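The values are calculated or read from the model by the stated rules, or taken from the named source; none is laboratory data. Because the structure is predicted, anything quoted here is derived from the model rather than measured. Positions of Cβ are backbone-derived with ideal geometry, glycine not excepted, and every protein chain shown enters the neighbour counts. What goes into the accessible areas is simple: the full protein's heavy atoms, side chains included, and nothing from ligands, DNA or RNA. Shrake-Rupley method; radii C 1.70, N 1.55, O 1.52, S 1.80 Å.
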Amino acid sequence: MMNRKLIFILTGLLSIALWLVSCKQDNHLNVPSQIDITDNIIPISLEPQQTIIHTNDILMDESLLDSVSARPFLNTKISDDKKHITLSENGTPLPPLLYLKIYCRQYEYSVLLKRSQKVSYEFKFVSLDTIPHKVQIAGDFNGWNPKNTLMLADKNGYKCNIVLNPGKYAYQLVVDDKWMLDPANPQKIDNNMGGFNSVINIGQKKNEKLPKLFTLGVVNNMIRIKTLNKPKKFFVLWSNFDLTDKFTKYQDDIIEIKIPDEAYYVNKSTIRVFSYNDDGTSNDILIPIKNGNVVKNIADIDRYDKAAMIMYFLMVDRFFDGDKNNNYPVNDKEVDFKANYQGGDLAGIDQKIKQGYFDKLSVNTLWISPIVQNPQEAYIEYPAPHRKYSGYHGYWPVSSSKIDYRFGDDNTLQTTIDDAHNKNINILIDFVSNHVHEKHPLYQQHKDWTTPLVLPDGRKNIRLWDEERLTTWFDTFLPDIDYSKPEVVSAMSDSAMFWINKFGIDGFRHDATKHVSEDFWRALTLKIKKYARDKKVNIPYQIGETFGSRDLIRSYVNSGEQNAQFDFNLYFDMRNVFLNDNLPFTNLSASLNESFDYYGWHSLMGNISGNHDLPRFIAYAGEDLKMNEDEKEAGWTRNIKVINKIGYKKLSQLMAYIATIPGVPVIYYGDEIGMPGAGDPDNRRMMVFDNLNTDQQNQFEITQQLFSIRKNNMSLLYGDYDLLKSDKNVMAYGRYYFDNAAFVFFNKDSKSVKFKVNIPKEYASVSLKKYFSGKFNISGNELLIELPPHSFEIITTR
């Protein structure tokens, strides 16, 4: 009797062959010789009622725009200067996903639109004691600025309505200027500063009913996508061209996709798949294409594949001293060693590149802290206790184009970049656009190009992070740049382009993104895209830093501004769950799903192990630093160490998580060895390469193995994400990319655990490989895993 699997395969082959024959004469798209849109357009999230799109977010040259359409769901209008497209609801019920059709020179492009999920939520407050004069609310939804939301009095107390996306929101009430938890809400969350905030969860989705998409196989270059929970409609895009009708077929819960002939003439492109049913949207699929063929071999991946980036962040002065001749710490007895230059430089980075240090960690992208000239002198920080610092960190620019002589010169930088590129490594530089130092020529020659230091009410506008988000100064000697002036936008975006034009860097990490006008981000990104088009090179990558709600962060993640931001909300949830034995994994899996909702399932968001503004994870996990203490003062007054070695196991779990979820993992220098440190500047100690102790060496080897696994498995770069189990102490998920799969398991309990998960039948009968200390066996499609305390396991197809 013929094997059932063989019958299934033969039936599928016959179906595909008949379809190919019937369509053989027409496998072409109507594509111009010069594409007007040079990168995948990130799906646009609609606002309720009306959405205004900047045309340059989609097209580099708005004059090419002929017309747009979102019929029958939305009315569309193009402004007279073609700079904006307005989409307005017309009463027709909107589906969860729909296309905006863009017509340029008679060619049709398709941009995916996502229906707004926002709902109105009513906050209430009843005072049982005195009648307050003023009640406000501050939280993730309004930039933590109580002035933005006043609660109005009625006969039952105070209330306000806020329109919010589904998700988790932290907040506090501000009653007569006194901050407090919501007495009517027992739910609270750690505020990562030693206290708590009230928290609400809005609009939880029924995830078990949502459609799911999985990459099933490729037969004769025909892509097959398996679906669960039957999609009502699906969308398929090659680059920004719609394939849904002409190149696809849906039958027996399988989507079959033909690759258009035009893809064979393009070195690299992608196919993206989206879908929805009545319960909401599915995950999305991202498939890399090389010269018309699906990329399945890891050898076809290089540093230009942004989804395959493994990033390493280092502070130049604190990494490695490669040239003793440029060591010039500030000669000031008031400056502590921790706040002074310690000798790291570009030559040191270059030496480690050539020695293969980053190769050992599978790193293919380096983000280096600012390298521009900083002041010769030290400065006293405005907030108490008014310590004195040098500009060792690079964030006080007195020039936007000159390299700090303490780090090297133009030749050193160019050599470092060239050596990195020869090793298949990208170089991102940290660009400071929010402010300059008071000695910078911009401020010396154009004081009117900066915002006022003193507010109309007489207060100094210093570090009012949320209240004066776009105008606040970071310190008395750091004037904030005023981007309301077009000439300032032009000058500063030219300054950023200088580094791309002269040195050929591969992109930017952008400091303090939320404090800079979106006019600047759009101007810079447009210049970058035009540079890439004219030079016929890969579009440089941009990732920004924004502390705030996911809604705020997402506002900068679009095709006209930045590729990504660091996902701090996910990091804080990750940190809390891995640190706190009492917090369940369900918190973390819910947080990741929320990030998927906001940024997509294959975003380029940065998943960090830590950074230079936060205490090191192992300082908490090693139990020397407490969550309820002042982390900065701890770093100044104590030598923070790893007291409890369980901290290394918890750090390894965090590393395993960022190494295996979608997004771009970012290793903060020193985390690969478990280097401790409290708050800034203690979290910026000089990197240690030699004489590692046993725990540090073991941590390095685990980190090395984790990112080698990621680098060598397509499923961990482009794979679908499938949550298999999540409860208090255990979590499991799968990543699938055609015939390559990875299964990831965690146990945060203090004792060994065994548990079962069901895995897709396609992978249950193939040879599997484990990498760490777990044990497993398979019966049918049921996988039984046994994990030691505080451990993880990764199992992949061989």
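General remarks:
- Whole-Å distance, taken between Cα centres, linking the stretch 342-357 and the stretch 88-158: 48
- A 1.4 Å probe, protein heavy atoms only, puts the accessible area of residue 270 near 30 Å².
- Considering only the Cα atoms of the stretch 246-402, their convex hull presents on average a projected area of 17.0 nm².
- Given in Å, the Rg to one decimal and the Dmax to the nearest whole number for the Cα atoms of the stretch 196-245 are 17.1, 57.
- Mean-position separation - Cα centroids, the stretch 656-692 and the stretch 175-217, in angstrom: 28
- From the C-alpha gyration tensor of the stretch 712-798, square roots of 5λ in Å: 20, 13, 12
- Radius, Kirkwood style, for the stretch 465-524 when every pair of distinct Cα atoms is counted (Å): 12.6
- Debye intensity ratio I(q)/I(0), log10, the stretch 605-653, q values 0.18, 0.20, 0.21 Å⁻¹ (C-alpha model): -0.56, -0.68, -0.74
- For the stretch 433-592, projected area of the alpha-carbon convex hull averaged over all directions, nm²: 12.1
- Whole-Å distance, taken between Cα centres, linking the stretch 515-551 and the stretch 747-798: 41
- Estimated translational D of the stretch 147-303 in µm²/s (Stokes, Kirkwood radius over Cα pairs; 25 °C; 0.890 mPa s): 124
- Distance cut-off 21 Å, percentage of C-alpha pairs in the stretch 268-354 lying past it: 61
- Rounded accessible area of residue 405 (nearest 10 Å², 1.4 Å probe): 80
- Which labelled figure in (1) -0.70, -0.96, -1.20; (2) -0.62, -1.04, -1.46; (3) -0.54, -0.92, -1.44 is log10 I(q)/I(0) by the Debye sum over Cα atoms at q = 0.07, 0.09, 0.11 Å⁻¹, once derived from the coordinates: (3)
- Treating r as the C-beta distance of residue 712 and residue 773 and R0 as 25 Å, the FRET efficiency rounds to 0.80.
- A probe of 1.4 angstrom, applied to the heavy atoms of all protein chains, finds residue 249 with accessible area near 50 square angstrom.
- With only Cα atoms counted, the stretch 539-594 has Rg and Dmax values of 13.4, 44 Å.
- By accessible area with a 1.4 Å probe, ligands and nucleic acids excluded, highest first: order of 616, 463: 463, 616
- For the residues 258, 535, a 1.4 Å probe over the protein chains yields an accessible-area ranking, largest first, of 535, 258.
- Computed over the Cα atoms of the stretch 548-701, pair by distinct pair, the Kirkwood hydrodynamic radius stands at 16.2 angstrom.
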